[in-house]
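A short worksheet on the structure shown next.
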Amino acid sequence: MTSATFDFAPLLPPGLPAPAAKWTGLAKYSFIGGNNDPDQVPVEGLIDAVNAVLKREGKTLATYGLASGPQGYRPLRDFLTAKLRRDAGINCVADDILIVSGSLQALDLVNQTLLAHGDTVIIERDTYQGALTRLARLGVNAVGIPLDHDGMRIDALAAALADLRHRGVTPKYIYTIPTVQNPTGTIMPQARRAELLKLAEHYGVPIFEDDCYADLIWEGKRPPAIHAMSRNGGVIHIGSFSKSIAPALRVGFIVAPWAMLSRMLALKTDAGSGALEQMVLAEYCAPHFAAHVPKLTRGLRAKLDTLMEALNEQFGTSAEFEDPKGGIFLWVKLPDHVDTLKLYQAALAAGVAINPGPEWSTDKAYSGSRLRLCFASPSHDQIREGVAVLADVCHREFGVPPRSANVEKQAGR
Ligand SMILES: Cc1ncc(COP(=O)(O)O)c(C=O)c1O
């Protein structure tokens, strides 16, 4: 690195976020982030797709937006319209879709379009950190709604909406991850989706539906998307190829009425998301997506089983969790006195990376002894070894799980 002497600090405008930390590599046992299983990336299929599509259409790379315009590569939007109709019941056309650089860009565009400092939104109490940090940065008040086995609790939502109305506040949106919630892994049943829509319509609040895990369910058919059930067009639906194919591709999408899409398009000033990724995805997904997903979910389910077994073996009754209905995360509760922010530091020093609960929740007290574990990216062996190291660290720092005479404790639960 060159020796840096120029001082940029006096030039920085107020309100910038804290500087990013330098990347120091992945922990030996990494249970963090939304990373996927490296062995499940369909590498051969992607190689064939890139060859075929570049031979056929490579020259269109000479044009910003290919030959498809600013909403994204047309064959990818065509694939999505068919997939969304088949899987999620969404009846849309290619022009209702905007391809973006990962669904994180979708979060940014929706927020930039709708939110101003001091606004209020409703959000699930335990939710995606990337959504929470964005809202905090924008100075937006996030009202957290508790969840149960079926996702966001409607009684609590109704109470929050009534309370806000009483105070003269209209929330800008209700953000939900209804199909394999992050981090709890719940799926909101169709009947509850209908209740949610009814409430949202009654209060005139749009729903922001983040469906990026919807392909990763263990069994049965997913309920229709909330977008598909809406009668008034007040649902913004976003999705991603990060969880079903690969996060490094950075390809996501937004389905929304033109009144919203046209505003977001005006804010999307990057001259189009990565073209090659879109081309390769369309080429690969049209023939292969439907067969790829069950293989992927079988592998993920096997890793989840390994994780739950390892936790039962190493933590016994000290770790509580529910068997998630899909996805890549397990949301774990440790005894109340365990502070997972402290555990995070101690575990990292021992080579185990975890996501501490308070970073994934609007309620820091409720989530203080919870943690999120991603089971997709570590191998089965790493899961077993990593959980054993985590249990040792947790015992050393907090006295749980109990150990007797230096030997592994507790029978499984
Ligand atoms: C709920 C949720 N939304 C959005 C994202 C962002 O995903 P991407 O930008 O990779 O599509 C994630 C990533 O983990 C997520 O969990």
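The values are calculated or read from the model by the stated rules, or taken from the named source; none is laboratory data. Since we're looking at a predicted model, the values are computed, not measured. Please note: Cβ atoms are built from the backbone with ideal geometry, for glycine as well, and neighbour counts cover all protein chains shown. For the accessible areas, the whole protein counts, side chains as well, though only heavy atoms, and no ligand, DNA or RNA atoms are used. Shrake-Rupley method; radii C 1.70, N 1.55, O 1.52, S 1.80 Å.
Side notes on the structure shown:
Rundown of residues vs (1) open to solvent by 50 Å² or more (accessible area, probe 1.4 Å); (2) part of a loop (DSSP other than H, G, I, E, B); (3) aromatic (Phe, Trp, Tyr), yes/no style:
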| position | (1), (2), (3) |
| --- | --- |
| Val50 | no, no, no |
| Lys55 | yes, no, no |
| Ser68 | no, yes, no |
| Arg85 | yes, no, no |
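- Residues satisfying the stated conditions in the stretch 206-220, i.e. more than 12 Å from the ligand (Cβ to nearest atom) and open to solvent by less than 10 Å² (accessible area, probe 1.4 Å): Ile207
- Condition check for Arg165: assigned to a helix (DSSP H, G or I), more than 13 Å from the ligand (Cβ to nearest atom) and crowded, with 18+ Cβ neighbours inside 10 Å: no
- In the stretch 92-118, the qualifying residues are those that are open to solvent by 30 Å² or more (accessible area, probe 1.4 Å) and assigned to a loop (DSSP other than H, G, I, E, B), and the one that is nearest to Thr269 (Cα to Cα) is Ser101.
- Sole residue being buried (at least 23 other Cβ atoms within 10 Å of the Cβ) and touching a residue at least 24 places away in the same chain (Cβ under 8 Å), chosen from Leu281, Leu249, Leu261: Leu281
- Ala347 falls short on exactly one of the conditions (1) closer than 19 Å to Thr184 by Cβ; (2) of a type in the set (A, V, I, L, M); (3) crowded, with 20+ Cβ neighbours inside 10 Å, and that condition is (1).
- Lone unmet requirement of (1) in a helix (DSSP H, G or I); (2) exposed (fewer than 12 other Cβ atoms within 10 Å of the Cβ); (3) not basic (Lys, Arg) for Ala20: (1)
- Residue within the stretch 264-275 that is closer than 23 Å to Asp37 by Cβ, within 16 Å of the ligand (Cβ to nearest atom) and surrounded by fewer than 22 Cβ atoms within 10 Å (Cβ to Cβ) present: yes
- Qualifying residue in the stretch 240-260 (condition: within 13 Å of the chain's Cα centre (by Cα), of a type outside the set (Gly, Ala, Ser), within 11 Å of the ligand (Cβ to nearest atom) and over 24 Å from Pro75 (Cβ atoms)): no
- Residue within the stretch 160-167 that is closer than 28 Å to Leu304 by Cβ, at pLDDT 95 or above and among the charged types (D, E, K, R) present: no
- Only one entry of Ala49, Ala4, Ala21 meets the criterion of being of a type in the set (Gly, Ala, Ser) and under 26 Å from Ile254 (Cα atoms), and that entry is Ala49.
- Failed condition for Ile145, given (1) in contact (Cβ under 8 Å) with a residue 40 or more places away in the chain; (2) buried (at least 20 other Cβ atoms within 10 Å of the Cβ); (3) β-branched (Val, Ile, Thr): (1)
- Qualifying residue in the stretch 288-301 (condition: modelled with pLDDT of 95 or more, within 22 Å of the chain's Cα centre (by Cα), within 23 Å of Leu84 (Cβ to Cβ) and open to solvent by 60 Å² or more (accessible area, probe 1.4 Å)): yes
- Taken residue by residue, the stretch 48-68 has no member that is of a type in the set (Ser, Thr, Tyr) and under 20 Å from Asp215 (Cβ atoms).
Rundown of residues vs (1) acidic (Asp, Glu); (2) at negative phi; (3) modelled with pLDDT of 95 or more, yes/no style:
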{"residue": "Thr317", "(1), (2), (3)": "no, yes, yes"}
{"residue": "Pro335", "(1), (2), (3)": "no, yes, yes"}
{"residue": "Thr340", "(1), (2), (3)": "no, yes, yes"}
{"residue": "Gly351", "(1), (2), (3)": "no, no, yes"}
{"residue": "Ser369", "(1), (2), (3)": "no, yes, yes"}
{"residue": "Phe375", "(1), (2), (3)": "no, yes, yes"}
{"residue": "Gly386", "(1), (2), (3)": "no, yes, yes"}
{"residue": "Gln410", "(1), (2), (3)": "no, no, no"}
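- Residues within the stretch 93-113 that are closer than 17 Å to Phe79 by Cβ and within 8 Å of the ligand (Cβ to nearest atom), tallied: 1
- Qualifying residue in the stretch 372-382 (condition: open to solvent by 10 Å² or more (accessible area, probe 1.4 Å) and either among the hydroxyl-bearing types (Ser, Thr, Tyr) or not in a helix (DSSP H, G or I) (or both)): yes
- Residues in the stretch 311-344 that are in a helix (DSSP H, G or I) and open to solvent by 10 Å² or more (accessible area, probe 1.4 Å) were compared, and the one that is farthest from Lys28 (Cα to Cα) is Thr317.
- Residue that is most open to solvent (accessible area, probe 1.4 Å) [pool: residues in the stretch 70-83 that are under 18 Å from Pro224 (Cβ atoms) and within 16 Å of the ligand (Cβ to nearest atom)]: Lys83
- Extreme residue, nearest to the ligand (Cβ to nearest atom), among residues of the stretch 11-59 that are in contact (Cβ under 8 Å) with a residue 12 or more places away in the chain and hydroxyl-bearing (Ser, Thr, Tyr): Ser30
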